[in-house]
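This report concerns only the one structure given below.
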């Protein structure tokens, strides 16, 4: 078998999970179900070192995320250190607990872009999904301040059964809020979303209608707002090339300093993750066992190993393969060529009217 | 294929909006356009065009400059640069 894709590339993006603390309780949160504690979080100076090492490694963009990154009292200093390292800085925020003066200070520190999440197109439903009263109003207010500061704004909407019929209204809201870009991101079933899967899963009819609607919205709003979509992969025929291929384009640093190929990687047992507390970032990227576990194509089994799509989607998502088959080397069962594809088809039609299990510490 | 892009006024002063910047990065092997949560590799020609989109130079001046720099026919430069700038503007990577 070939070793295509095994050539060591340089990562473009680094997801910095500054903290797992967050006032919201979104049931599809991508954080792990075992959240890391405040006392284990990296300090300001260590983040600054990570950013310098990231820039030297080739990283161009850092995504300051969480949890809610503003839960860190030193967010301005952290952001300034990323800017000083020469990185393009992106704040991924819930807007809750982010006062206007903080966003002003971040803009002064050199912040390049802001992404604000919204949970639905109207307040009652949005606040119910987030498990936080008043969140929707705060998001609109912070968006107005971001626009006033002339910072570019993206609105991110995670899509699931309760809001999938509101996509047109969500895009209209993003336009009204002054965003130049909106992410229509179908829930991906890891972390808390995996736990809430049956409560979140849209029906096939909803998914089919949405696909056509997104195309129509793109045409209607062409040149006014960029609509990026994350596909509902349980309803797809081929898997997504998760994070652009394992250990190829991005890396993720957890609040306590563990470096992961993707935010869900810790769900795969027996992977050895290295920490920025013990190793330089380049050393971790090049040599850590977790990053090398699924790089390239040599680890693949059939049907991936001889598939012509093996360097297109890299066998799909390793975390999803493990979550659904208990074998991290298996073909992502989203793939119609997977012997386990029936599992996904069954889950895609499993909709249960149960209360959300909100994400809590 | 797609129809010809809408012409750009000679007086337009194209510029990169806040949040979009062109950088040269050795580790990534050349010019890249950094934008909100997106990275676009820029070839040498695209970089030469985007570098001139300062918000001060007019479209006419940019075309003259490129025609002189690359000793290319002006009409050809107008067509190519119009297509490139319209494409960038559609992706919200440029303001015209």
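Exactly one residue out of B:56, B:75 is out of contact with any helix residue (DSSP H, G or I) (no Cβ under 9 Å at 6 or more places or on another chain) and assigned to a loop (DSSP other than H, G, I, E, B): that is B:56. Residues in the stretch A:51-85 that are more than 20 Å from the chain's Cα centre (by Cα) and either under 25 Å from residue B:26 (Cβ atoms) or within 14 Å of chain B (Cβ to nearest Cβ) (or both): A:52, A:53, A:55, A:56, A:57, A:58, A:80, A:81, A:83, A:84, A:85.
Residues considered: A:144, A:172. Of these, the only one that is without any contact (Cβ under 8 Å) to a residue 40 or more places away in the chain and more than 13 Å from chain B (Cβ to nearest Cβ) is A:144.
Among the conditions (1) under 23 Å from residue A:224 (Cα atoms); (2) within 11 Å of chain A (Cβ to nearest Cβ); (3) surrounded by 18 or more Cβ atoms within 10 Å (Cβ to Cβ), the only one that residue B:85 does not satisfy is (2). Of the listed requirements (1) modelled with pLDDT of 95 or more; (2) within 14 Å of chain A (Cβ to nearest Cβ); (3) in contact with a strand residue (DSSP E or B) (Cβ under 7 Å, 6 or more places away or on another chain), residue B:51 misses just one: (2).
Checked against (1) touching a residue at least 40 places away in the same chain (Cβ under 8 Å); (2) farther than 15 Å from residue A:257 by Cβ; (3) in contact with a helix residue (DSSP H, G or I) (Cβ under 9 Å, 6 or more places away or on another chain), residue A:72 meets all criteria but (2). Picking from A:283, A:308, which residue would you name as being under 24 Å from residue A:65 (Cβ atoms) and more than 23 Å from the chain's Cα centre (by Cα)? Sole residue among the options that is under 24 Å from residue A:65 (Cβ atoms) and more than 23 Å from the chain's Cα centre (by Cα): A:283.
Restricting attention to the stretch B:26-37, the residues that are in a strand (DSSP E or B) and surrounded by fewer than 19 Cβ atoms within 10 Å (Cβ to Cβ) total 1. The residue that is nearest to the other protein chains (Cβ to nearest Cβ), among those in the stretch B:1-19 that are surrounded by 13 or more Cβ atoms within 10 Å (Cβ to Cβ) and modelled with pLDDT under 95, is B:19.
For the stretch A:250-283, give me each residue that is over 26 Å from residue A:330 (Cβ atoms) and not in a loop (DSSP other than H, G, I, E, B). A:253, A:275, A:281, A:282, A:283, listed by residue number. Taken over the stretch A:221-270, the residue count meeting the criterion of being on the phi > 0 side of the Ramachandran plot and either touching a helix residue (DSSP H, G or I) at 6+ places or on another chain (Cβ under 8 Å) or without any contact (Cβ under 8 Å) to a residue 60 or more places away in the chain (or both) is 6.
The values are calculated or read from the model by the stated rules, or taken from the named source; none is laboratory data. Everything numeric here is computed off the predicted structure, so don't read it as measured data. Neighbour counts are summed over all protein chains in view; Cβ atoms, including those assigned to glycine, are modelled from backbone coordinates with ideal geometry.
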